[in-house]
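Every read-out reported here was derived from the displayed coordinates using simple, explicitly stated rules and does not represent laboratory data. Everything quoted here is computed from the prediction, not taken from an experiment. When we count neighbours, we look across all protein chains shown, and the Cβ atoms used for this are built from the backbone with ideal geometry, even at glycine.
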Amino acid sequence: MKWTHSRLFLAIVALIGIVTFANLLQSFYRPYLPTITSLSTTNRSDVHENISHEDSASRISSGQGVKNKNLDICENPYLQPGYVWYSNTTEETNTTWVPFYPSLLDESYSSTTLETTGEPVDPYTSDGDPYFPTEQPPQELLDVSPHPWMQDIVRHYKLYNSSLALKQGGSSSRSREVLEREELENRLHWLRNRRILIVSDSVDRYQSEYICNRLGLELINSNKGRQTASWCHIPMWNLTLMNWHIASVSPTKPAWWWIQSMQIVNVEERWTEYYLPTLNDTIGMNGKSPDLILFHTGLWDHTYFIRAPEAIGGKASWARSLNWRELRFYMQRVRMVITMLREQFGDDVPIMCRSVTLKKSLPSNVSILNLDRAARFVCNELDIEIMEFGEIIRGYFEFYKDMVHIDRGPLSVLWANMVFWYLFRTQGGVEVRGDLIEMPSNGTEIVNVAKEWNTCHGDFMNAKRY
């Protein structure tokens, strides 16, 4: 009996030793194990927890190049430093945000080095001055740029119309264009039945209108006026961009208000009178909220604060900075509006705050920047991500149609691509440096957008700002 007990004791000790030794081996070799390269059959939350967050530069230096699926899935190209590439001011097809990633200055980008010509640019320049011909970025940079969703949608629209013409002509040939259209349909299927709510001003309303116009459609305005509610509905995808127009965060309509035809200014009344009647067209497939909310207010508030002294016989000073009481009031009201959105649609609805766009009048932008920073603070406190459109296009005044609004062109394509990039994320899509490594499974199924959004939400909230 004693021998039996001794053997049992030795067996237990040996088993513990084997397990301990195995754990030590695993700890030693873990850094050399292969990383996950496909997300198609894996839970994204688990993938995010297991993919290393080591510095991108060290991962790229491993020799696998910049376009690499092994990189962190929570890398937002629109939070990287970069620049807007466009071939000219009216061209829409060749427009993209070109992010600057680590290894940008490596030898693989030698084509970006300075090249000189033997002749000066014109007779008035001295010999030997460098000459930089206009050309597109190196293909390596374009390959890691965010996917051009708007270009895909427009291309599909054109091919779809051409295929209808082909059928009417009696031809049944499967041309290259037909195959391309089918490929685009497979890539865009996740757009079906989606809803985007844009609580903002006319800057974003025009951007929605440009999307509709590019697809041969018109923006529909509420019968109560375009400065109340309007929407771009795309029947092909049953996709709707709903715009709730916000006219500052003022709780009243001041006597000095410059648009007398605007009967209701304060958000609470506009909510009941203008917004709620369109609620059914705003709710997505989950039955309670849109798939994505884009929020912004600032330009109307700017005028509200600057012109306020007129109520007591004072004068407006457009170049002044806002004072603390104005900023605190603005922040309280912004927080109130976001709280109203969450109470209406649920605490888990994906919301983004768009950074403010500037006016062409440079002196007045001092106080607009005050508002932008105040709004950023509120959104950060409320755990809301920033859509950096206003920051990215800061100073691109040649693309404005007037003193305030951005015209149709490269910047409007950029706006659309950014919005669809974030909508793609709500549907479970994963893009890593221009590579669509996971597509939403089905464009008609109900997606838990809150779960998909939260997969990378913490990373994007803490992303480095340049």
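Miscellaneous remarks
- Straightening the chain between A316 and M262 buys 17.3 nm, computed as 0.36 nm per residue apart minus the Cα-Cα spacing.
- Simple label model, 7 Å out from Cα along Cβ direction - T444 to M403, nm: 5.1
- Ranked L358, L411, criterion: other C-beta atoms within 10 Å, fewest first: L358, L411
- With the simple model of a label 7 Å out from the Cα in the direction of the Cβ, I283 to K451 spans 2.2 nm.
- Residue order, fewest to most beta carbons within 10 Å, for I220, I406, I338: I220, I338, I406
- Counting 0.36 nm for each residue step from I437 to R394 and taking away their Cα separation leaves a gain of 12.3 nm.
- With a Förster radius of 30 Å applied to the beta-carbon distance between L276 and N238, the computed FRET efficiency rounds to 0.85.
- With neighbour counts taken as other beta-carbon atoms within 10 Å, the residues D204, D152, D301, D347 rank, fewest first, as D347, D152, D204, D301.
- L294 long-range amide H proximity, modeled H, under 5 Å: L197, I198, V199, M352
- FRET efficiency for T252 and K360, using Cβ-Cβ distance with R0 set to 41 Å, rounded to 0.05: 0.90
- With a threshold of 30 Å on the Cα-Cα distance, the over-threshold entries among K158/K360; K360/K451; K224/K315; K315/K401; K288/K359; K401/K451 are K158/K360; K360/K451; K224/K315; K288/K359; K401/K451.
- Using θ = phi - 60° and Karplus 6.51 cos²θ - 1.76 cosθ + 1.60, couplings along the stretch 181-195 (whole Hz; Gly, Pro as x): 4, 5, 5, 5, 4, 5, 7, 9, 4, 5, 6, 4, 6, 9, 9
- In a DSSP loop and with at most 15 other Cβ atoms within 10 Å, the chymotrypsin sites (Phe, Trp or Tyr not before Pro) in the stretch 206-256 are W256.
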